[in-house]
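S.K.: I'd like to ask you about the structure that follows.
The values are calculated or read from the model by the stated rules, or taken from the named source; none is laboratory data. As the structure is a prediction and not an experimental result, all values here were calculated from the model. Backbone-built Cβ (ideal geometry, glycine too); neighbour counts: all protein chains shown. SASA here: full protein model, heavy atoms, side chains in, ligands and nucleic acids out. Shrake-Rupley method; radii C 1.70, N 1.55, O 1.52, S 1.80 Å.
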Amino acid sequence: MSSFIAESLSRVKPSPTIAVTNKAAELKAAGKDVIGLGAGEPDFDTPDNIKQAAIAAIQSGKTKYTAVDGIPDLKKAICAKFKRENGLDYKPSQVTVGTGGKQVLYNALMATLNPGDEVLIPAPYWVSYPDMVLLAGGSPVVVEAGMETGFKLTAEALRGAITPKTKWLIFNSPSNPTGAGYTRAELKALTDVLLDFPHVWVMTDDMYEHLAFAPYEFCTPAEVEPKLYDRTLTVNGVSKAYAMTGWRIGYAAGPEMVIKAIAKIQSQSTSNPSSISQWAAVEALNGPQDYIPMSREVFQRRRDLVVSMLNQAAGIHCPTPEGAFYVYPSIAGCIGKTAPSGRKIETDEDFVTELLESEGVAVVQGAAFGLSPFFRISYATSDAALEDACSRIQRFCAALK
């Protein structure tokens, strides 16, 4: 029967981060004391003003189909957001709204890639980027950005990776999985390279824009280099900034030709995002923004706690990220050691499997994000859970011989 399934699916794998979350849930259900640090979603509730806007939308009958790629009010709110926060001028006709940032990225790749087109993806990368490129018929080209450069792509590495077949660079800052955020100067060095290659477009993933910890300040490519405006798709959403992961609203702005092509794909796949979620997103973008600094402060405190405790674990080195809610520690000092169970730690996958089984801490192996030997922790959970988890990791590392 396997031949019945499309060949294109054999090129992609299920999301490893979702797999870790599911495994942790199974162990929990079986009665094991598990702390899950795999999922990338804020542990806060959606702010009340946003919930109320959704309830009001339901009660006033805003429950019908909408325009395929977003209601006019939301597109207007998105244009105002880009102007206010990023100094970018877009018209509503340059904006698309999808069911989460993931759909917007996927639609954009489906709408633009032909067989043989290359997409540059700095590693470590969000697990979905290479697989989305493969599903769209393109070729992912992974460009390593290791710990020695702060997990950031250098201008030299970017220049060396571009070929005549390169169509897109996918750019994510602050990054999932490392939390690395590019400064204006670091980003300018990259945009200077891109100016030499007019055939290469930039797809930004700015989902963690508002989780940028001082003194680091967020910036996005089209804002840093206005000459790239006509070949940049600036992607963002409400999920991380407003704790709205389940509402499924992502958006992007860029050249009208690409936005129209994205709408065409969406019209034949999902059609419009949830009307109720769209009205909630209007309130998120236009309403009070006091939730953002409050949540940022909590995440920064948690970051400092986790970095400090992990750096006290034998064999682990954890850099301090500029943003998002992830850390990406190196376990180079643990490789080759043996756990009390007798298992030899030869890879980061061995490390995370043994950590889950012996200490009940669920994290994701670096191999899933294209760079080993590391693991990713999402610190979007309570201080108490993080402290407990980091103590268990310290105990686990101390027991490796």
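S.K.: Restricting attention to the range 31-59, report how many residues are assigned to a loop (DSSP other than H, G, I, E, B) and in contact with a Phe, Trp or Tyr (Cβ under 6 Å, 6 or more places away or on another chain).
M.R.: Number of matching residues: 1.
S.K.: Further, regarding this structure: In the range 104-137, which residues are among the polar types (S, T, N, Q) and either in contact with a Lys or Arg (Cβ under 7 Å, 6 or more places away or on another chain) or surrounded by 24 or more Cβ atoms within 10 Å (Cβ to Cβ) (or both)?
M.R.: Result: Asn107, Thr112, Ser128.
S.K.: Now for a different question. What's the total number of residues in the range 223-235 that are more than 14 Å from Tyr182 (Cβ to Cβ) and either part of a loop (DSSP other than H, G, I, E, B) or modelled with pLDDT under 95 (or both)?
M.R.: 0
S.K.: OK, next. Return only the number of the condition from (1) open to solvent by less than 50 Å² (accessible area, probe 1.4 Å); (2) at pLDDT 95 or above that Pro42 does not satisfy.
M.R.: (2)
S.K.: For the range 181-222, what are the residues that are aliphatic (A, V, I, L, M), over 28 Å from Thr112 (Cα atoms) and either open to solvent by 40 Å² or more (accessible area, probe 1.4 Å) or in a loop (DSSP other than H, G, I, E, B) (or both)?
M.R.: The answer is Ala185, Leu211, Ala214.
S.K.: Kindly indicate which of Leu386, Leu305, Leu355 is within 22 Å of Ala212 (Cβ to Cβ) and open to solvent by less than 20 Å² (accessible area, probe 1.4 Å).
M.R.: Residue meeting the stated conditions: Leu386.
S.K.: Let me ask something else. Pull out all pairs, ordered by first then second residue, where Cβ-Cβ is under 9 Å, the residues are six or more apart or on different chains, the first lies in the range 377-398 and is closer than 26 Å to Ala241 by Cα, and the second is among the aromatic types (Phe, Trp, Tyr) and assigned to a strand (DSSP E or B).
M.R.: Listed by first residue and then by second, the contacts come to Ile377/Tyr326; Ser378/Tyr326; Tyr379/Tyr326; Ala380/Tyr326.
S.K.: Separate question: Filtering the range 281-297 down to residues that are open to solvent by less than 70 Å² (accessible area, probe 1.4 Å) and free of Cβ contacts under 8 Å to residues at least 12 places away in the same chain, which residue is farthest from Ile50 (Cα to Cα)?
M.R.: Residue satisfying both the conditions and the ranking: Pro293.
S.K.: Go through (1) open to solvent by less than 50 Å² (accessible area, probe 1.4 Å); (2) part of a loop (DSSP other than H, G, I, E, B) and name the single condition Ala252 misses.
M.R.: (2)
S.K.: Taking the criterion of being hydrophobic (A, V, I, L, M, F, W, C) and crowded, with 19+ Cβ neighbours inside 10 Å, would at least one residue in the range 93-100 satisfy it? First the steps, then the outcome.
M.R.: Taking the range 93-100 as the starting set, the residues that turn out to be hydrophobic (A, V, I, L, M, F, W, C) are 95, 97.
Filter again for crowded, with 19+ Cβ neighbours inside 10 Å, leaving 95, 97.
The answer is yes, given that some residue of the range 93-100 is hydrophobic (A, V, I, L, M, F, W, C) and crowded, with 19+ Cβ neighbours inside 10 Å.
S.K.: Got at least one residue in the range 65-75 being in contact with an Asp or Glu (Cβ under 9 Å, 6 or more places away or on another chain), within 12 Å of Gln278 (Cβ to Cβ) and either in contact (Cβ under 8 Å) with a residue 12 or more places away in the chain or outside any helix (DSSP H, G or I) (or both)?
M.R.: Checked the range 65-75: at least one residue is in contact with an Asp or Glu (Cβ under 9 Å, 6 or more places away or on another chain), within 12 Å of Gln278 (Cβ to Cβ) and either in contact (Cβ under 8 Å) with a residue 12 or more places away in the chain or outside any helix (DSSP H, G or I) (or both).
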